[in-house]
1. Can you give me the angle between helix 46-77 and the longest principal axis of the chain, using Cα atoms only, in degrees from 0 to 90, rounded to the nearest 10?
2. When the helix-only estimate is applied to the chain (DSSP H runs of n ≥ 4, each -39,500 (n - 2.57), divided by the residue count), what is the mean residue ellipticity at 222 nm, nearest 500 deg cm²/dmol?
3. About its Cα centre, what dipole magnitude does the range 1-119 give when the only charges are +1 on Lys and Arg Cβ and -1 on Asp and Glu Cβ, stated in debye to the nearest 20?
4. With every protein chain kept in place and ligands, DNA and RNA left out, what is the accessible area per residue of the chain? Probe 1.4 Å, answer in Å².
5. Can you give the relative contact order of the range 100-150 as a percent, counting alpha carbon pairs under 8 Å and 6+ residues apart?
6. Quick one: which residues, 5 or more positions from Val110 or on another chain, have an amide H under 5 Å from its amide H? H modelled 1.01 Å from N in the peptide plane, none for Pro or chain starts.
7. Can you compute the FRET efficiency between Ala23 and Arg48 using 1/(1 + (r/R0)^6), with r the Cβ-Cβ distance and R0 = 25 Å? Round to the nearest 0.05.
8. Excluding Tyr94 itself, what net charge comes from residues whose Cβ is under 12 Å from its Cβ, given Lys and Arg +1 and Asp and Glu -1?
Amino acid sequence: MGEALLDSGHLAVVGTTLLVVAASVLLHFEVSSVLSRLMRRTSPSRRRRFLGLMFGLLTAHVAEIWLFGLAAWWLEGTTSGTVAGAPMVNGLDYVYLSAITYTTLGYGDVFPEGPLRFLMGTESLTGFMLITWSASLTFLEMQRHWNDRG
């Protein structure tokens, strides 16, 4: 008789992945909504509004990277896969793994193995979509700025 399609390690990764993706998308939606509303205010200068937009979006991305990194750290501790390559000494190593995954930079010195690959693969897609979302919001706000000036 063959192995089950998903063992407990795989189920832990799938469940954790769904939670982290949902949390990241919801966080990004809320931050984007708040920043978009702040961009429509007339009180601060345009320069300050655009800097606020950029730093706000960057902060959201960093928080999302940390969510995935902490999830990978927790999952590796529960034997739901491993990270191969350079030794993973502390939580910041997992944040680094998450950052190179989220940005789709790619693997070099560290990479996931086993069920943990599902989390990291899904993180790449999520990161790509959320970065694109940020770029779209920034473009729309810049377009509004250019239209207001002309």
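1. For helix 46-77, the angle is close to 10 degrees.
2. On the way: 4 runs with 110 residues, N = 150.
Per the formula, -26500 deg cm²/dmol.
3. On the way: 8 positive and 8 negative charges, 262 e Å.
Using Cβ point charges on Lys, Arg, Asp and Glu, the range 1-119 gives about 1260 debye.
4. Numbers: 8940 Å² over 150 residues.
Spelled out: the 1.4 Å probe surface of the chain, per residue, equals 60 Å².
5. Numbers: 22 pairs, mean separation 20.1, N = 51.
The value is 39 percent.
6. Amide H neighbours of Val110: Ala86.
7. Numbers: r = 29 Å, r/R0 = 1.17.
Once rounded, the FRET efficiency stands at 0.30.
8. Working: positive: none; negative: Glu76, Asp93, Glu123.
Neighbour charge sum, excluding Tyr94 itself: -3.
The values are calculated or read from the model by the stated rules, or taken from the named source; none is laboratory data. Here the structure is a predicted model, which is why all the values come from computation and not from measurement. Glycine gets a Cβ as well: all are built from the backbone with ideal geometry, and neighbour counts include every protein chain shown. Heads up: the accessible areas ignore ligands, DNA and RNA and are worked out on the full protein's heavy atoms, side chains in. Shrake-Rupley method; radii C 1.70, N 1.55, O 1.52, S 1.80 Å.
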